[in-house]
Amino acid sequence: MKRRGTLSKTQTIALGFIIIIVAGTALLMLPVASRSGEGAGLLTAAFTAVSSSCVTGLVLVDTYTQWSLFGKIIILLLIQTGGLGFMTIAAQFFVVINHKLGLKGREILSESISSDRIGGIMKLAKRIVKYTLFFEGTGALLLMLRFCRQFGFWSGLFAAVFHSVSAFCNAGFDILGRLEPYCSLVPYYRDVLVNTVIMILVVAGGLGFVVWNDFSEHRLKLRRYRLHSKIVLSATAILLFGGAILFFVLERGASAAGMTAGERIMTSLFDSVTARTAGFNTVDIAKMSGSGRLVMMVLMFIGGSSGSTAGGIKTTSIAVLLIYAVSYVRGKKHFGVFGRRLEDDALRKAAAVFFTNLTLALAATVIICARTGIGLEDVLFETISAIGTVGVTAGITRSLDTVSCVVIMLLMFCGRVGSLSFATALVQWEPEPAVKDPVERIVIG
C-alpha cells in the first residue's frame with residue numbers, strides 16, 4: 001500500500017499527460033504558432049493539444065491552414081510524446097545523461113508501456129525507441145517519393161516525416177489542407193504507395209511493445225511467443241481482414257460507389273486498418289452506409305493492442321471476453337487458448353474496461369445530443385472515435401459547442417491514459433477486508 005501523499009503509478013502517468021497537454025496548449029496559443037500571426041483561442045489550442053498528445057486526430061481547425069511551421073512542429077512533438085509515452089522518452093533521457101532510473105521510475109515505465117515485468121524494462125524501452133525510429137524513418141523515406149514530387153523537396157520532406165510519425169503513433173493528424181481543408185488522405189484513395197505505407201505504419205504501431213519484444217527475441221518462431229503476443233496477432237488478423245471484407249460488401253453502393261474492384265479492395269482494407277485508432281480516411285465518412293458506420297464503430301471501440309500507440313478497449317480485452325463466453329457455453333469451468341489457461345483477474349479487468357468505456361461513450365453521447373441537437377448516429381460515432389482515440393469523424397467536430405468540446409477532450413484523455421486507469425487514479429484503493437460478506441445467488445440471464 002502506498003504512503004499517503006505519494007502518487008500511484010497511474011496517477012503519475014495521468015499527471016504527466018496533463019502537464020504535457022498544458023504545455024502544448026500554452027505553446028499553441030502563441031502568435032508564432034498560427035499561420036495568421038494571431039494567437040489561437042484557448043479552446044482551439046487546448047483541443048488540439050489534447051487530440052495530438054492523446055494521439056486521436058479530431059480537430060476544430062484544419063492543421064495545415066491554421067498552424068504555422070512552429071505550430072505543426074509542436075503538434076508533431078506532442079504526437080510523438082503521446083504515442084511513445086512520456087516515461088519512455090524520459091527513460092532515454094536518463095540513459096543519455098548516464099543516470100540510472102530508480103525503482104519507482106521503472107515501475108511507472110513498466111505501467112506506461114503495459115509490461116508485466118520490471119526486470120529488463122530499460123532494455124525494452126531502448127528497443128521501443130529503436131523500432132520506432134526504424135518504422136518512422138523508413139515510412140518517411142517512402143512517403144518522400146510521393147510528397148517531394150508533389151510539394152517540392154523541403155515541404156515534401158516535412159510532410160513525409162509528419163505523416164509517418166502520425167501514422168505510426170496512430171494519431172491521424174494530416175497536413176494536406178493545401179489540397180483541400182479537412183480532406184485527410186481522400187485525394188490519395190487510389191495511391192498504392194501512400195496507402196500501403198500508412199497501413200503498415202498503423203498496424204506496426206498498433207501491435208504493441210510486448211509483441212515487438214517477442215519478435216526481437218524470437219523472430220518468426222511464433223511458438224516461442226508469449227500468450228499475449230499470440231492473442232494480439234490472431235485478433236489483429238481477424239479484425240483487419242474481417243473488417244475489410246465487410247466494408248467491401250457493405251460500401252459498394254455508398255462511400256465506394258463508382259470505384260473499380262481494385263480501388264474498393266484498397267479502400268476497404270484501409271477503412272479496416274484506420275478503424276484500429278489511426279484516424280486517417282480515404283473515403284468520405286459522411287457518405288458511408290449505416291451498416292458500414294456500425295462496423296467501423298465496433299472496430300474503433302475495440303481498437304489496437306495493449307502497450308501500443310493505439311487506443312480502444314484493446315484486442316486482448318475483447319479476446320478474453322469472447323474466449324470466456326465460448327468456454328462458458330461449452331460448459332467448461334476454466335477458459336483459455338493456445339494450450340494456456342487464462343487467469344480470472346484477466347476476465348474481471350477486461351469486463352471492467354469494456355463497460356467503463358461503453359458507459360463513458362454513451363454518457364457523452366447523451367450530453368452532446370442534448371446540447372447540440374445533432375443526430376444520434378453522428379454523435380455516437382464521434383464519441384466512440386474519441387474514447388477509442390481514433391480521430392475519424394462524420395464531420396460534426398466543428399459544430400460542437402464549448403461544453404461538448406470539453407466532453408470530447410475528456411474522452412480523448414481517458415482513452416489515452418486508459419479509462420479504467422484514470423478511474424483508479426481518482427480512487428484511493430483500500431485493502432481487501434479479511435472478513436468477507438456472505439454469498440447469495442441471484443438469477444442471471
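Structure notes:
- Shown in residue order for region 185-193 are the 3J(HN,Hα) couplings computed by the Karplus curve 6.51 cos²θ - 1.76 cosθ + 1.60 at θ = phi - 60°: 9, 4, x, 10, 5, 10, 8, 5, 4 Hz (x for Gly and Pro).
- Neighbourhood charge, 15 Å Cβ-Cβ cut-off, centred on residue 242 and excluding it, Lys, Arg +1 and Asp, Glu -1: -1
- Between region 123-186 and region 7-70, the Cα center-to-center distance that results, in Å: 19 Å
- Measuring gaps between exposed loop sites in the chain (trypsin sites (Lys or Arg not before Pro); DSSP loop; at most 12 other Cβ atoms within 10 Å), the longest gap, sites not included, is 222-329.
- For region 293-309, putting each phi into the Karplus relation 6.51 cos²θ - 1.76 cosθ + 1.60 with θ = phi - 60° gives couplings of 5, 4, 4, 5, 5, 4, 5, 5, 5, 6, x, x, 10, 4, x, 10, 7 Hz, in residue order, rounded to whole numbers and with x for Gly and Pro.
- Calculated from the alpha-carbon coordinates, region 9-424 shows an Rg and a Dmax of 20.4, 67 Å respectively.
- Most mobile of 172, 37, 208 in a GNM of the chain (Cα contacts under 10 Å): 37
- Fewest neighbouring Cβ atoms within 10 Å first, the residues 382, 180 line up as 180, 382.
- Calculated diffusion of region 290-338, Stokes-Einstein form, Kirkwood radius summed over Cα pairs, 10 °C and 1.306 mPa s, µm²/s: 130 µm²/s
- Check: the chain dipole with +1 on Lys, Arg Cβ and -1 on Asp, Glu Cβ, in debye: 1620 debye
- For residue 67, residues with placed amide H under 5 Å, excluding near neighbours: 35
- GNM flexibility winner over the chain from 80, 150, 66 (Cα, springs under 10 Å): 150
- Estimated vicinal HN-Hα couplings, Hz - region 31-41 in sequence order (Karplus 6.51, -1.76, 1.60; Gly, Pro = x): x, 5, 7, 9, 5, 6, x, 9, x, 6, x
- Built amide H within the under 5 Å cut-off of residue 337, gap 5+: 342
- Residue with peak Gaussian network fluctuation, the chain [Cα springs, cutoff 10 Å], from 402, 383, 63: 402
- The ranking of 198, 238 from fewest to most other beta carbons within 10 Å of each one's beta carbon is 238, 198.
- Using 0.36 nm per residue and subtracting the Cα-Cα separation, the extra length available between residue 238 and residue 22 on full extension is 73.9 nm.
- Taking region 316-357 and a reference point 7 angstrom along Cα→Cβ of residue 223, the backbone N atoms nearer than 19 Å belong to 337-341.
- DSSP-assigned coil residues among chymotrypsin sites (Phe, Trp or Tyr not before Pro) in region 334-418, each with at most 15 further Cβ atoms within 10 Å: 338
Since every read-out is calculated from the coordinates, none of them should be taken as a lab result. Note that the structure is predicted; figures quoted are calculated from it, not measured. Please note: Cβ atoms are built from the backbone with ideal geometry, for glycine as well, and neighbour counts cover all protein chains shown.
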